[in-house]
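Following: one structure in structure tokens, then a few remarks.
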């Protein structure tokens, strides 16, 4: 480590202002603060600079995502070998799934970070690490059979039109990872809907074992085959077809624990989403107009991307509501809308993505009203005091 | 005879009326008018071309007519008079399209009729034709119609190419053999929001080339 520090110190003058490579300063800076905590200090006022910069925060989210990534690798292999009717061990499944997700992660980071590096050079900004998490989230919410060029296109779309045009990390209205998914969803619906896209290799359709359909729990619900649903435990553990990282609620809950313990993710938003889902689920149970509505509400939490969206997508600090009360409202409405779209709109079997994107738009409005109501409440108090003092 | 009337019909000042709306003062990308129909008719190149021509004719002719009558139109009912002129022209265009290019007319459906409500036309009448002579007004109308059409055609070209893989109905991408490599048409480009994004990209491109268009805030 010491020798690395020394090399960096020796190189630093070349990249500083007036140095030979001053144009690449942001690249150097990005590399340096990736390996060492930044040594920046403040010079005026009574401020202290925490060494926990954006990069460390992002790293914690990456750590929180690891359980979902690891389980996703295992499950992708498991589903694949199940679809071709081969018994497979844990390591064989895991190895297969991991090799399938690796190109996704590489392409996602290459394209996304490439664009961010270029944008930072053009603007003369520091490279910020907003993409670090997005780059891992995107592979985790894609069906495993999506062609890599579509993934690259979706990433470019999300980073350029979702983030850079608004001014880069921290300025975006929409969650870039969900934007990338929405891009594939609307652009190439054939790769994002139906029963065959969720299991690796099933689209090619070779040597498929008898009786294997690859349908996700949600598509079973929409087509009315609720009796064929996997058991609650199976869906909770996550050995079901689905997007790469979304299937296992256990893995996601471990991630949620990491996020909440470190204070990186807001527990209020997570609780809000589950609260909203619970309320809507109970309401639909009470109506019970068809078989899907009759499905016990707790099934909604373990199917599809509900848990994943609640823990990793809704809590994105940039696009979520900022006020404490606003976080509850924001989360609650996401939960309500997700279940509402899921159950009542057969065109969209999964509503979480659309619900979160929609609420991203409303987050500033929620904050505005929360702040206004707080101001009004205090104003009223002032007026009352003035009245009483006059008497 | 005053000096203005001796001006040649294609003097630099008149030519500027014709060319400025194509770039620096484009009705769509700079004035941001007439966006609605730009979203609706730009899925394919052919309807976009027909729509552009229709709008060019209506803006040019209505500017000419209103400019000719501008001294006789009472101030208080000028909007109604303008609307009568526009509506007459639009109906003429609509009937013409129905007679000669029926299939395109069907594709454009209500949007030909809705040229009446296109903000560009009314805007040019109010801002230019009511205060200028017929010939400059005519040029101004043609220029603004063409500026509108230019953006429409550019957007429609990319939307058709990326969304349907064709250019003016000709399957370019298929002939290039692109589909064999696993390429697929982009379904989102056909949806109206994507037209808005394309217009946004054009505005971005234009502003990054011409810094004088960027507002100082």
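Side notes on the structure shown:
- Shape index of region A:265-391: Rg/Rh, with Rg the Cα radius of gyration and Rh the Kirkwood radius from the inverse mean 1/r over Cα pairs, equals 1.16.
- Averaging the Cα positions of each part gives two centres, and for region A:336-391 and region B:180-217 these lie 33 Å apart.
- Inter-chain Cβ neighbour count for A:58-66, averaged per residue, equals 0 (cutoff 10 Å, partner chain atoms only).
- Peptide A:182-190 has a mean of 4 when you count, residue by residue, the C-beta atoms of other protein chains within 10 Å of its C-beta.
- For the pair region A:235-300 / region B:10-55, the C-alpha centres are spaced 50 Å from each other.
- Peptides A:346-354, B:206-214, A:132-140, A:237-245 ranked from most to least packed, by the mean per-residue count of other Cβ atoms within 10 Å: A:132-140, A:237-245, A:346-354, B:206-214.
- Using the average count of surrounding beta-carbon atoms within 10 Å as a protection proxy, the listed peptides A:334-344, B:61-71 rank, highest first, as A:334-344, B:61-71.
- By average C-beta atoms within 10 angstrom, highest first, the peptides B:184-194, B:142-152, A:282-292: B:142-152, B:184-194, A:282-292
- Of A:142, A:171, the sequence from fewest to most neighbouring Cβ atoms within 10 angstrom is A:171, A:142.
- Of all the options A:231, A:373, A:213, the one that moves most in a Gaussian network model of chain A with Cα springs shorter than 10 angstrom is A:373.
- Inter-chain shielding of A:145-154 (mean C-beta neighbours from other protein chains, 10 Å cut-off): 1
- Percent of C-alpha pairs per 10 Å bin, region B:95-172, short to long: 16, 32, 35, 14, 3
- Relative contact order for chain A, counting Cα pairs under 8 Å that sit 6 or more residues apart, in percent: 15 percent
- When chain A is treated as a Gaussian network with alpha carbon springs shorter than 10 Å, the biggest mean-square fluctuation among A:114, A:309, A:130 belongs to A:114.
- The alpha carbon gyration tensor of region B:87-217 gives principal lengths a ≥ b ≥ c with a/c of 1.5 or higher and a/b no greater than b/c, which makes the shape oblate.
- Taken over the C-alpha atoms, the protein assembly as shown has Rg and Dmax values of 29.7, 99 angstrom.
- Under a Gaussian network description of chain A, with springs only between Cα atoms under 10 Å, the residue in A:319, A:247, A:59 that fluctuates furthest is A:59.
- Each Cα pair of region A:150-200 feeds into the Kirkwood radius, which the Stokes-Einstein equation turns, at 37 °C and 0.692 mPa s, into a diffusion coefficient of 285 µm²/s.
- Cβ-to-Cβ counts within 10 Å put B:112, A:361, B:43 in ascending order as A:361, B:43, B:112, the fewest first.
- A:221, B:36 arranged by Cβ crowding within 10 Å, fewest neighbours leading: B:36, A:221
- Dividing the convex hull volume of the alpha carbon atoms of region A:212-283 by its residue count gives 109 Å³ per residue.
- Put simply, the Cα atoms of region A:95-198 extend 45, 29, 18 Å along their principal axes, the longest span coming first.
- Rounded, prolate or oblate (a/c below 1.5 giving rounded, otherwise prolate when a/b exceeds b/c) for region B:1-83 by Cα gyration tensor: oblate
- Fraction of alpha-carbon pairs over 18 Å apart in region A:123-281 - percent: 69 percent
Bear in mind these aren't lab numbers, they're just calculated from the coordinates by the rules spelled out. Note that the structure is predicted; figures quoted are calculated from it, not measured. So basically every Cβ, Gly included, is an ideal-geometry build from the backbone, and we count neighbours across all protein chains shown.
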